Amino acid sequence: MAHSVLMLTTNQRIRSLLEATNLFEEGELDAILSEAREKGQSIREAVLSGSTVKEEDFLEKLAEAMDIPFHRLKEAEIQDEILEKIPTKAIFQYNVIPLAKEDNCLNVATSDPFAPGLVDSLRMAAECRIRLVLSPDEDISATAKKFYGVGAETLDRMMQDDRIDLEDDEGLLKQDLSDLDQEASVVKFVNQIIWEAFKDRATDIHIEPMEMDLRIRYRVDGVLHETPMPPQLKRFQSSIISRIKVMANMDIAEKRLPQDGRISLRIRGEEIDVRVSTMPTVYGESVSLRLLMRGGGLITMRDLGLDHHDSSLLEKMITRPHGILLVTGPTGSGKSTSLYAWLHTINSVDKRIMSAEDPIEYEMAGVNQVQMRPEIGLTFANTLRTFLRQDPDVIMVGEIRDKETAEISIRAALTGHLVFSTIHTNDSASTITRLLDMGIEPFLVASSVEGIVAQRLVRGLCKACRQPLEVDKEFLREHNFPIDRLEKEGPIYEAVGCDECRGNGYKGRTGIFEILPVTDEIRPLVIAHASASAIKQQSLAHGMKTLRDDGWDKVLAGVTTIDEILRVTEDDEIEE
């Protein structure tokens, strides 16, 4: 009876506090509280899912009603002794953060003051009085990640687990992880690393052993960022690396040689493919994980970032009946993405498309994709020879790396096939000289290559926080910026940083392009073995835009910044 009265009193108090926020229409509050009871949701979850109220507005009004502070934690600085007041497990279990201690009372930020037993549990853990502070859920999660590191609660449990022998990490793996027990701490920690990277839109994860530390970095939008990690992480280095090797079907006993593998896993409903590479270093094995898209994330031609002129020119090239179309640029410049976008555009029932890839980064319905396996003789050259007996209309070659692959690709183009491939050069014109240097006859290059696309990826400005920039015109002149277009097409923007872009000022990436069609004016230069500079000047005379020119167009359109264009086109300035 007493329990029922207490529950009634608690529910009445919650209701009166929610009413005091003045955020809900008549009857809306009844529906929210009813839904919370039926679905077993917290009051906070029911409010945010059952109404149009935003979390920040709700917490701000609720803080007023409860007469407690509301804080955003973006720039919060918290002392180490305060962070140690509450166990790591409780921090992540309740999603709270201790902020400061005043008069033997610990201020603790939470996004859900109605969580059952919250204050009592925190009081017992901190051994002092608790004063709640309301903060958005995302602020608390980001602050916990900043101060405790990714997977801190998992590592904390590993530190306290008596079964773990820190001198025998591999023994632990053989005993506990061979059956891929999802509750095992090391398994959970590795999954957390991959999940955090996936959430942050990272393309790569680098796990790098240092003398006194194990550094983990994510590459987001082409730039590496160090991820906050718990300080005791180094103690579990061999367990973490061995776990990744088990997942990728590698030999965990082999630590002297590099290894490659692949992981396919499902975390929180998301299918994630990961390509794994290990490399022995002086302080242990360094591990690189490349996160690959599976299935539905294909980019179309419209998403690449081409302007109308370049898009029209490229569409003509990729719909030709035969010839080679090459895309060039350094590693990580989006070459594979462009190839897939081209294939996606022309993929139809009346075309037989075959691709030789290493690795297969995107799975495409309607395309016959072959994974290269050099260890059993399945190389680009051997696969291409077989392709020619398979009656293809379009062939994609992941990369032209040697003379043999180049020769077979040219033979395919000259016998009526359309061939797409990539090659590593700095710009479009030097691709021709690269093929000639490989030993390909100039007349074969001139007659088979239809076009070359050089590209780079630049980070796109966050539209929520970008700000107009006052620029030094002398600086712009030094870099051949089209100053005369500023008044009509400006302004130029700079990156600032906000919650939406996680403080970077940038969100997502787009391409800048240099498209060189091999025309009747270019072919004689190729046959004459002309220099890359001569070929480029001839192309410029016929209207080709350089990478930097296309970059300036995107700066003027407010898509990216001057700094980004200078960063990725550093070596591409044209000598007048």
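Keeping all protein chains in place and using 1.4 angstrom, which order do Thr337, Thr143 fall into by accessible surface area, from largest down?
Values: Thr337 35, Thr143 10 Å².
Ranked list, largest accessible area first: Thr337, Thr143.
For segment 179-304, just the Cα atoms, rotate onto the principal axes and tell me the three extents in Å, largest first.
46, 33, 28
Would you please give the FRET efficiency between Val496 and Glu226, computed as 1/(1 + (r/R0)^6) with r the Cβ-Cβ distance and R0 = 30 Å, to the nearest 0.05?
On the way: r = 22 Å, r/R0 = 0.72.
In this case the efficiency is close to 0.90.
Would you calculate a helix-derived [θ] at 222 nm for the chain, using -39,500 (n - 2.57) for each DSSP H run of n ≥ 4 and dividing by the full residue count, to the nearest 500?
Values: 24 runs with 223 residues, N = 576.
-11000 deg cm²/dmol, from helical runs alone.
Taking the Cα centre as origin and putting +1 on Lys and Arg beta-carbons and -1 on Asp and Glu beta-carbons, what dipole magnitude results for the chain, to the nearest 20 debye?
Details: 68 positive and 99 negative charges, 230 e Å.
For this selection, approximately 1100 debye.
Roughly how tilted is helix 547-556, in degrees to the nearest 10 and between 0 and 90, from the longest Cα axis of the chain?
Roughly 40 degrees between the two axes.
Using alpha carbons only, how many degrees (0 to 90, rounded to 10) separate the axis of helix 403-414 from the longest principal axis of the chain?
70 degrees
Rounded to the nearest 10 degrees, what's the angle between the helix 28-39 long axis and the longest principal axis of the chain, both from Cα atoms, 0 to 90?
80 degrees
Please give the FRET efficiency for Arg235 paired with Val349, using the beta carbon to beta carbon distance and R0 = 56 Å, rounded to the nearest 0.05. Write down the numbers at each step before the final one.
Details: r = 57 Å, r/R0 = 1.02.
According to the calculation, E is roughly 0.45.
Write down the percent of antiparallel bridges among all DSSP beta bridges whose residues are both part of segment 386-536, to the nearest 5. Kindly include the intermediate steps, with their values, before the conclusion.
Details: 12 of 16 bridges.
Bridges in segment 386-536 that DSSP calls antiparallel: roughly 75 percent.
Can you compute the modelled spin-label distance between Ser51 and Lys255, with each label point 7 Å from Cα toward Cβ, in nm?
Label-label distance for Ser51 and Lys255, simple model: 5.7 nm.
So, with +1 on the Cβ of K and R and -1 on the Cβ of D and E, and no other charges, what is the size of the charge dipole of segment 419-480 about its Cα centre, to the nearest 20 debye? Mind dumping the intermediate values first?
Details: 7 positive and 8 negative charges, 82 e Å.
Magnitude of the dipole: close to 400 debye.
Quick one: if you take sqrt(5λ) for each eigenvalue of the C-alpha gyration tensor of segment 231-347, what semi-axes come out, biggest first, whole angstrom? Don't jump to the answer; show the numbers that get you there.
Numbers: eigenvalues 306, 52, 34 Å².
Equivalent-ellipsoid dimensions as semi-axes: 39, 16, 13 Å.
Whole angstrom only: what separates the Cα centroid of segment 59-88 from the Cα centroid of segment 239-284?
Here the answer is 38 Å between Cα centres.
Under a Cβ-Cβ limit of 4.7 Å, which cysteines in the chain have nobody to pair with?
Cys105, Cys128
Let me cross-check Met250: its accessible surface, 1.4 Å probe, with only protein heavy atoms counted, in Å² to the nearest 10?
20 Å²
Taking the convex hull of the alpha carbon atoms in the chain, what volume per residue do you get, in Å³?
Values: hull volume 127.1 nm³, N = 576.
Taking the convex hull of the Cα positions in the chain, it is 221 Å³ per residue.
Using the Kirkwood formula over every pair of different C-alpha atoms, what hydrodynamic radius in Å results for segment 394-451? Please list the in-between numbers first.
Values: mean 1/r = 0.0877 Å⁻¹.
Here the Kirkwood hydrodynamic radius works out to 11.4 Å.
So what are the three principal axis dimensions of segment 32-134 from its Cα atoms, in whole Å, longest to shortest?
40, 25, 21
Leaving ligands and nucleic acids out of the surface, order Glu487, Glu84 by accessible area at 1.4 Å, largest first.
On the way: Glu487 175, Glu84 145 Å².
Of Glu487, Glu84, the descending order of accessible area is Glu487, Glu84.
Between segment 378-427 and segment 332-353, how far is it from one alpha carbon centroid to the other, in angstrom?
Cα centroid to Cα centroid, the span is 15 Å.
Mind checking the per residue accessible area of segment 341-392 for me, 1.4 Å probe, whole number of Å²?
Numbers: 2640 Å² over 52 residues.
Result: 51 Å² of accessible area for each residue.
Looking at segment 332-473, what % of its DSSP beta bridges pair antiparallel, to the nearest 5? The partial results should precede the final answer.
Values: 1 of 14 bridges.
Just about 5 percent of them are antiparallel.
Using a basic spin-label model with each label point 7 Å from the Cα along Cα→Cβ, how many nm lie between Ile527 and Ala365?
Output for this residue pair reads 4.7 nm.
How would Asp137, Asp200 rank on accessible area, largest to smallest, probe 1.4 Å?
On the way: Asp137 50, Asp200 25 Å².
The most accessible residue leads, giving Asp137, Asp200.
Just how many % of Cα pairs in segment 440-558 lie over 20 Å apart, if you round to the nearest whole percent? Before the final figure, lay out each step's value.
Working: 3953 of 7021 pairs.
Roughly 56 percent, rounded to a whole number.
Between their Cα atoms, which of Lys199/Lys403; Lys351/Lys463; Lys146/Lys245; Lys335/Lys463; Lys54/Lys245; Lys255/Lys403 are more than 32 Å away from each other?
Values: Lys199/Lys403 41 Å; Lys351/Lys463 40 Å; Lys146/Lys245 28 Å; Lys335/Lys463 26 Å; Lys54/Lys245 43 Å; Lys255/Lys403 34 Å.
From Lys199/Lys403; Lys351/Lys463; Lys146/Lys245; Lys335/Lys463; Lys54/Lys245; Lys255/Lys403, over 32 Å: Lys199/Lys403; Lys351/Lys463; Lys54/Lys245; Lys255/Lys403.
Go through Ser355, Thr300, Ala429 and say which Cα lies farthest out towards the positive end of the charge dipole of segment 297-446; charges sit on Cβ, +1 for Lys and Arg, -1 for Asp and Glu.
Value: Ser355.
Over the chain, what is the percentage of antiparallel beta bridges among all DSSP beta bridges, to the nearest 5? Let's see the in-between values first.
On the way: 51 of 82 bridges.
Within the chain, antiparallel bridges account for around 60 percent of the total.
Taking just the alpha carbons, could you work out the radius of gyration and Dmax for segment 342-490, both in angstroms?
Cα-based Rg and Dmax for segment 342-490 come out at 20.7, 61 Å.
The values are calculated or read from the model by the stated rules, or taken from the named source; none is laboratory data. Quick caveat, the model's predicted, so the values are computed rather than measured. All Cβ positions, even for glycine, are placed from backbone atoms using ideal geometry, and neighbour counts span all protein chains on display. Please note that ligands, DNA and RNA were not included when accessible areas were found on the heavy atoms of the full protein model with its side chains. Shrake-Rupley method; radii C 1.70, N 1.55, O 1.52, S 1.80 Å.
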